[in-house]
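So the structure is just underneath, and the comments pick up after that.
The values are calculated or read from the model by the stated rules, or taken from the named source; none is laboratory data. Every value quoted in this text rests on a predicted model; they were computed, and no experiment measured them. So basically every Cβ, Gly included, is an ideal-geometry build from the backbone, and we count neighbours across all protein chains shown.
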Amino acid sequence: MVTGQSVKRGLRTAGFYALVILVMLPTVFVFYWMITLSLKTQVDAAGYPPKFFRFAVTLKGYAEVFAKNPFLLYTWNSFVVATGCTLLGLIVGLPAAYSIAHWRQKGLALVVLVARIIPGISYLIPWYILFRNLRMVDTYQALILTHLVVGLPIIIWVMIGFFEDIPPDLRDAALIDGCSYYGAFLRVAVPLVKPGIVATAILSFIFSWNNFLFSVILAGRNTRTLPIAVFNMIGYEEINWGPLAAAATMITLPVIILTLIIQRHIVTGLTFGAVKG
Amino acid sequence: MANRTDIVDQAVAGASLPLGLRVSRFGHRYAPFIFPAPAVLIVAVIIVYPVLYTGWMSLQEWFASSLTPPRFVALANYQQILTGDPRFRDAFFRTIYFTLIAVSVETVLGVAMALLFNREFWGRGLVRTLSILPMMATPTAISLVFVMMYHPTLGVMNYLVTRLGLPPFSWTYSSKTALYAIALVDVWEWTPLIMLITLAGLAALPKEPYESALIDGASPLQCFWRITLPLLRPTLVVAVLFRSIDALKTFDIIFVMTQGGPSNASETINILLFNQAFSYFNMGYASSMAVALFAIVMGASLILMKVRRVGW
């Protein structure tokens, strides 16, 4: 009897894990396919039936991406824009989040939330006209400023939560000890929320890195970012899939690494406004 | 402290007070305004100004490619959208349809996955980690991978589908299936979000109702319909709200995979408006569509927030 029951339990566990694997398979498969495709020879990549496991590994796809495109420049552009957007967002957003958390500025928080709802494309027409008149299309400044629309709300909203979690006693103690608000902010609050700053910085970096809509209009030959560069590759490389997959892998890899670092905060970042405020 | 400076203030009649002290008093008194000021300035320039400008531009007729200045046409653009433009009407219904399909599939699958994963098991952390990746991976890159997977003759999707005994599909290459093929990408990307939000909601549910239901001899299915689902409603509404807002605005994956085609079969408002603005430079007309899209997104949000309060 006892063995019969444990066999039953074992079967149920096996069934459960089979189900888990089945459910997670599509997620894993797309990434697996992207990476393996990038390592295949042209013949294998476009071969039918497709090869899942046994194929000759080559780095030709990667070499071709760098040979045919100024891919390093695009990577550098993406890096500069995402870093600029994140730094500016932190400089401007941290004091704002601190202020909203401590002086309960609900109205301000709401404005930032509405910015999250408004379709990005409704900013794009005025920006395009503005930056064209200022001759700022195809500059880092224009891209950094516009990417702030994605980065700043996330920084502010996620940081409000972190600042609210600081015990009020700590801030008051700093103020009584003769710190100004600015001293209390810089020397007490900011060091306390360092982990939060790292998480939001990474979130904002990823969102800027991934942005397509703003860059496709406002980036030009000199400032083209990775998503736009990859999009432009599609037409020419119709069936030459190795380089396409290699480019896709190279854009995605930094994002995946960064995501793994801050995975606990991702859902908060994606649903900001829902839980707090 | 404040008192003493007041006395000093009066004694030296303000002006001769050391500059540093005056600055720091000003800084102290207006700190609640000074802290958010840079953010407010940026928000004004990159968010408020463009929104107002779009509203104003929607009342004009203007081609950015021509030299003629904008011409004020009042509500003519809106009239055209609402009554005279079948392409916009199609795009409108397509946007709603796409959102309904994608979000409802994501919700059903996401909740089912959350129920499956809502227990302690070896590898739970790994499942969580893997679930986050599709949401964060660059949409352009993901779309590109799907473009290759969807290829009608060489793509892996048709290989898998035929191995399952189904006929091959044209995916994004046919006007009949393009919208569904794109919705599938959206489902792949965003089901994990609903799953993770639901999982957090499940963890916060009280235990008591289940215990008394167990005593009353309720079946697991009854427990789900009668206890879990009603208790989860606020969580689910938030999840659906976030997904709907973003699904209505879907741009990247559609633009990369089909650019609205074939023969406009996947042209949502966002895509139509993008082309009006940046292919035809019809800025006034495109602006009125942007206002309309904003109204739709706002309307959907308000409806969902109402659902959160009233019963089913």
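Remark: pairs (first residue in the stretch A:49-61, within 24 Å of residue B:152 (Cβ to Cβ) and within 14 Å of another protein chain (Cβ to nearest Cβ); second residue of a type in the set (S, T, N, Q) and in a loop (DSSP other than H, G, I, E, B); Cβ separation under 8 Å; 6+ apart in sequence or on different chains) = A:55/A:41.
Reported count of residues in the stretch B:59-95, each being in contact (Cβ under 8 Å) with a residue 40 or more places away in the chain and either of a type in the set (Asp, Glu) or in a helix (DSSP H, G or I) (or both), is 12.
Taken over the stretch B:116-150, the criterion of being at the interface with another protein chain (Cβ under 8 Å from one of its Cβ atoms) and not in a helix (DSSP H, G or I) is satisfied by B:121, B:123, B:137, B:138. Note on the stretch B:185-221: residues that are without any contact (Cβ under 8 Å) to a residue 24 or more places away in the chain and surrounded by 13 or more Cβ atoms within 10 Å (Cβ to Cβ) amount to 4.
Out of curiosity, is residue A:203 among the aliphatic types (A, V, I, L, M) and out of contact with any helix residue (DSSP H, G or I) (no Cβ under 8 Å at 6 or more places or on another chain)? It is false that residue A:203 is among the aliphatic types (A, V, I, L, M) and out of contact with any helix residue (DSSP H, G or I) (no Cβ under 8 Å at 6 or more places or on another chain).
Checked against the criterion of being out of contact with any Ser or Thr (no Cβ under 9 Å at 6 or more places or on another chain), over 27 Å from residue A:110 (Cβ atoms) and more than 9 Å from every other protein chain (Cβ to nearest Cβ), the candidates B:299, B:217, B:261, B:284 yield just one match: B:217. Between A:239, A:197, the distinction of being in contact (Cβ under 8 Å) with a residue 24 or more places away in the chain and more than 10 Å from every other protein chain (Cβ to nearest Cβ) belongs to A:197 only. Those helices (runs of 4 or more DSSP H) of the stretch A:100-169 in which 2 or more residues are more than 18 Å from residue A:88 (Cβ to Cβ) and polar (S, T, N, Q) occupy A:121-133.
Residue-by-condition table, conditions (1) over 30 Å from residue A:75 (Cα atoms); (2) crowded, with 21+ Cβ neighbours inside 10 Å; (3) facing chain B (nearest Cβ under 10 Å); (4) modelled with pLDDT under 85:
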position	(1), (2), (3), (4)
A:131	no, no, no, no
A:140	no, no, no, no
A:146	no, yes, yes, no
A:189	yes, yes, no, no
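Filtered by the rule that a residue be on the phi < 0 side of the Ramachandran plot, free of Cβ contacts under 8 Å to residues at least 60 places away in the same chain and either part of a helix (DSSP H, G or I) or of a type in the set (S, T, N, Q) (or both), the stretch B:169-180 gives B:170, B:177.
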